[in-house]
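*Asks:* Supplied in structure tokens, the structure appears directly below.
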Amino acid sequence: MKYLIKNADYIFSQPEKTDIRIDGSRIIQIGKNLLIKEGEQVIDAENTIIYPGFVNTHHHIAQSVIKGIPTGLNQNLSAWLASVPYTYWPHFTPELMYWAAKLGFYEQLRSGVTSCADHHYLYHKNTSQELEDAVWQAAAEVGIKLVLCRGGATVRGTHKGMQKNNIEPESIDLALKRIDDSRTRYHQTTADATQKIVVAPTTIMHSAKADDLKSFASYARNHKLRLHSHLLEVDFDEQTAQEKYQMSAVQFAQSVDWLGPDVWFAHLVKTTNSDINVLAQSGTGIAHCPTSNCRLGSGIAPLLKMRDAGMPISIGVDGSASAEAASMLQEINLTWLLHRAVGGANATHLQECVHWATESGAKMLGLDNVGRIEVGQQADLVLWDITHYRYQGIHEKAYAPIMAGEPAKIKMSFVNGIPVVKGGEPINLRYSELTQNLTEQIQLLKNRICA
């Protein structure tokens, strides 16, 4: 399809332009008062501002159906993991996973996301491949770009959630075989890729032995895959590293080949100045998840120090069982505000927050043609409707969605030049069907938990 988007009030990083021409998956022209060509569908973008699609670099899509579990509402990370995800996910069926993914991607699209990294860790010794297949299927049907960060564990280790629920981990050989099967079936290396695989043991401090981590890193780099995991979300990671390896958690990551420009970690809340220097020098990045860190009482990642040291920064929503809104717009808004509370009114700027949520995140995921509105880039675009009541009275309309946060309305979104949202709703989802199936599947999950 060919589209001509005309009369936008503002185009991010192209403030003098109003029009965008799309041919196939690419932006081929940006200008003002562009003339309509034969065969083009015209999109009237009056009263909209256009951003690159947001790139969510850390999510747990499976958690879309375990939000607000009563026992976990006031627990810290360790207790919450045992009470919520590790209690519920052994009872997931492929059908439940499919509808959970549909819900998760629905929430992502309506909050401006066009690329989502799902840290999927529903793997154990007897896991069915159909659980993972359900995520891929849902993403393809909805039309969102999916980077599946293939998690799991090869040891129970100190992980209380796995111990409490008697979960039998994969062996390293089984994990690598399964990753290789998924890579062969799903991973795309083309410039217009919509599916990618990342090697992502759930946590490098508690989910694998040192030799296993080296094997994961070697496999990833031999196949030009990226690496991702959790690190230093709470103090327990550092305590474990010091007691078990007599070194810091970041030094341990370095010792097992888990630092570099192809690596990013979620959270990094408990990093020291020394840690930040090592991470920055190696090019290792962060997926900053402020809502979840607040919700679980984990703390505030020292993002300003990371930025000043030159670390790559991106933003993620984390799992919606610990960040119930699952809104990328909320995460960007909170990133902007939270670090001002710590560092002062000039600490974070709107433009850099958008950059972290778009171009910086895209680079972290290896999506080289995403995250910018430029000729030759993939047409992953979001047209924010600034007639929404939340934006009335805002003078600086260019950043209205970031300043006002939720709720918001999207007039239209494109992924690879294909419309995926129109009039505030994802095009490829029927909300009534989604809610009906979710109601049924969640009740079945509750029955299995109680059995």
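*Asks:* Among the residues of the range 91-118 satisfying the criterion of being among the hydrophobic types (A, V, I, L, M, F, W, C) and in a strand (DSSP E or B), which is nearest to Gly53 (Cα to Cα)?
*Replies:* The residue in question is Val113.
*Asks:* Would you call Val234 more than 20 Å from Ala79 (Cα to Cα), among the aliphatic types (A, V, I, L, M) and in contact with a Leu (Cβ under 7 Å, 6 or more places away or on another chain)?
*Replies:* For Val234, the condition - more than 20 Å from Ala79 (Cα to Cα), among the aliphatic types (A, V, I, L, M) and in contact with a Leu (Cβ under 7 Å, 6 or more places away or on another chain) - is not met.
One line per residue, one yes/no per condition, for (1) part of a strand (DSSP E or B); (2) surrounded by 19 or more Cβ atoms within 10 Å (Cβ to Cβ); (3) free of Cβ contacts under 8 Å to residues at least 24 places away in the same chain:
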position: Cys353; (1), (2), (3): no, yes, no
position: Glu359; (1), (2), (3): no, yes, no
position: Gly371; (1), (2), (3): no, yes, no
position: Val382; (1), (2), (3): yes, yes, no
position: Gln436; (1), (2), (3): no, no, yes
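*Asks:* Further question: Going by the structure shown, is Pro85 of a type outside the set (A, V, I, L, M) and crowded, with 18+ Cβ neighbours inside 10 Å?
*Replies:* Yes.
*Asks:* Could you list, in sequence order, the residues of the range 318-330 that are closer than 16 Å to Tyr121 by Cα and at pLDDT 95 or above?
*Replies:* Asp318
*Asks:* Moving to a separate point now. Say whether the condition of being modelled with pLDDT under 95 and in contact with a His (Cβ under 7 Å, 6 or more places away or on another chain) is met by at least one residue in the range 300-316.
*Replies:* For the range 300-316, residues modelled with pLDDT under 95 and in contact with a His (Cβ under 7 Å, 6 or more places away or on another chain): absent.
*Asks:* Does the range 118-138 include one or more residues that are over 30 Å from Ile410 (Cα atoms), among the polar types (S, T, N, Q) and in contact with a Leu (Cβ under 9 Å, 6 or more places away or on another chain)?
*Replies:* no
*Asks:* Continuing with this model, one more query. Kindly evaluate Arg430 against the criterion of being of a type in the set (D, E, K, R), more than 13 Å from Arg110 (Cβ to Cβ) and free of Cβ contacts under 8 Å to residues at least 12 places away in the same chain.
*Replies:* yes
*Asks:* If you take the residues in the range 114-130 that are over 26 Å from Leu383 (Cα atoms) and modelled with pLDDT of 95 or more, which one is surrounded by the fewest Cβ atoms within 10 Å (Cβ to Cβ)?
*Replies:* Glu130
*Asks:* Also: For the range 298-311, state whether one or more residues are in contact (Cβ under 8 Å) with a residue 60 or more places away in the chain and surrounded by 16 or more Cβ atoms within 10 Å (Cβ to Cβ).
*Replies:* Yes, the conditions are met somewhere in the range 298-311.
*Asks:* For Arg390, work out the one condition from (1) surrounded by fewer than 20 Cβ atoms within 10 Å (Cβ to Cβ); (2) in a loop (DSSP other than H, G, I, E, B) it doesn't fulfil.
*Replies:* Condition (2) is where Arg390 drops out.
*Asks:* Here's another thing I want to ask about it. Got at least one residue in the range 339-355 being closer than 30 Å to Thr190 by Cβ, among the hydroxyl-bearing types (Ser, Thr, Tyr) and in the same structural domain as Ala200 (by TED's automatic domain parsing)?
*Replies:* no
*Asks:* A follow-up question, please. Could you please give the count of residues in the range 36-70 that are surrounded by 22 or more Cβ atoms within 10 Å (Cβ to Cβ) and in a helix (DSSP H, G or I)?
*Replies:* Total satisfying the criteria: 4.
*Asks:* Somewhere in the range 83-90, is a residue closer than 21 Å to Glu233 by Cβ, assigned by TED's automatic domain parsing to the domain that holds Val199, part of a loop (DSSP other than H, G, I, E, B) and among the hydrophobic types (A, V, I, L, M, F, W, C)?
*Replies:* yes
The values are calculated or read from the model by the stated rules, or taken from the named source; none is laboratory data. None of these values were measured; they are calculated from a predicted model. With ideal geometry, Cβ positions are generated from the backbone for all residues, glycine too; neighbour counts draw on all protein chains shown.
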